[in-house]
1. Of (1) modelled with pLDDT of 95 or more; (2) over 16 Å from the mean Cα position of the chain (by Cα), Val244 satisfies all except one. Which?
2. For the condition among the hydroxyl-bearing types (Ser, Thr, Tyr), crowded, with 20+ Cβ neighbours inside 10 Å and in a loop (DSSP other than H, G, I, E, B), what is the one hit in Tyr176, Tyr160, Tyr151?
3. Being aromatic (Phe, Trp, Tyr) and modelled with pLDDT of 95 or more, is that true of even one residue in the range 116-133?
4. Could you look through the range 278-311, keep only residues that are among the small types (Gly, Ala, Ser) and closer than 14 Å to His249 by Cβ, and pick out the one that is surrounded by the most Cβ atoms within 10 Å (Cβ to Cβ)?
5. Restrict the check to the range 236-249 and report whether at least one residue is touching a strand residue (DSSP E or B) at 6+ places or on another chain (Cβ under 7 Å), of a type outside the set (Phe, Trp, Tyr) and free of Cβ contacts under 8 Å to residues at least 24 places away in the same chain.
6. Has the range 180-199 got any residue that is modelled with pLDDT of 95 or more, under 27 Å from Lys284 (Cβ atoms), of a type in the set (A, V, I, L, M, F, W, C) and under 11 Å from the mean Cα position of the chain (by Cα)?
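The values are calculated or read from the model by the stated rules, or taken from the named source; none is laboratory data. Because the structure is predicted, anything quoted here is derived from the model rather than measured. Don't worry about glycine lacking a Cβ; one is built from the backbone with ideal geometry, like all the others, and counts go over all protein chains shown.
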Amino acid sequence: MGRRLSTIHSRQRCASQLRRLIARRAASRSDSIKLITLTVAAVYDRRTPWRKIVGGHGPRLQHKYRPLRAKQVASDTDAPKLVDWLKKIIAEKMDEIVSIKSRVPEVRAIAERRGDFRDFGSAIRRTDKSVRVIAETKKASPSAGLIAAKYDPAQVARRYADAGADAISVLTEQNYFGGQPEHLIAVRQAVALPVLRKDFIIDEAQILESVAIGADALLLIVAALKPQQLNALHHFATTHKMSVLVEVHTRDEIGMAVDAGAKIIGINNRNLTTLEVDLATTEKLLPEIPKGITIVSESGIRTMGDLKRMAAYPVDAVLVGEGLMRGDLSIEERW
């Protein structure tokens, strides 16, 4: 009993210290960020662990961020088939969503009191010969494994902003990308650019959480959603003042994105079943996207040659992560 009381008192002291730290940091931020951080601090004071307020249970370290490969498994017919990595990742999101839903009243209260949103759509719309750059900060990925052992997303984002990035993408998926919602909070406080939440969004609760932690835009992956889900989530996000990057990989998925009302479509050069990359995917699908929609080319842009190749296409922006994280690309030489 004495040990239990000691543990409780220790947690209370930690909560108090964290609350004061958040309040001090908030003093130098915008009014909206002050609201978000102070409200989260108040909720934390109810003895709810910080990472549970902003979602999930932390990275499952057993993955160790090893690169995933398109391996074969035996099917019922003994004929090998590819593991669908997208389905695998989505299946593992369910526990996280249950956790978020248990905190919906608190998360909704923070989301509804948020004021400022940075215009992601305008920031990435190409108006001259220079392609726009969405610079991505991430610790790891299923295709590359561990990218940055010492990972400070705010520091990375500041470096991107200083180099001329037009927007920042933050990976918050925990199990395979080593992300945390806290990473997005830190990035938004560190830079003045619009911030995209890159995750596997399949539920309205995740959208509310995205608003609450300060995201200006979020990703919806057509391959991960049924048409009715895509339509509903896109509508829910836009009614909460969020920009939505709708990701496609096939001609049929473009049709679904357009039907959902997408204003920004991202062409993913990576096949999310096999994790294989083909930059020709952007070139192939570009003619299928109606005029007036902002177009982003995503994935596989690792070298300056790749970047210049994409910039030569009529795309508005490129989303680049690993190449920038490893130092193989320069934002200043985008065209």
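1. Among (1) modelled with pLDDT of 95 or more; (2) over 16 Å from the mean Cα position of the chain (by Cα), the lone unmet condition for Val244 is (2).
2. Within the list Tyr176, Tyr160, Tyr151, the selection yields Tyr176.
3. Looking for residues that are aromatic (Phe, Trp, Tyr) and modelled with pLDDT of 95 or more, one finds at least one in the range 116-133, hence yes.
4. Selected residue: Ser297.
5. The answer is yes; a qualifying residue exists.
6. Yes, some residue in the range 180-199 is modelled with pLDDT of 95 or more, under 27 Å from Lys284 (Cβ atoms), of a type in the set (A, V, I, L, M, F, W, C) and under 11 Å from the mean Cα position of the chain (by Cα).
For (1) in contact with a Leu (Cβ under 7 Å, 6 or more places away or on another chain); (2) within 29 Å of Leu307 (Cα to Cα); (3) assigned to a loop (DSSP other than H, G, I, E, B), each residue gets a yes or a no:
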{"site": "Leu220", "(1), (2), (3)": "yes, yes, no"}
{"site": "Ala232", "(1), (2), (3)": "no, no, no"}
{"site": "Gly255", "(1), (2), (3)": "no, yes, no"}
{"site": "Val258", "(1), (2), (3)": "no, yes, no"}
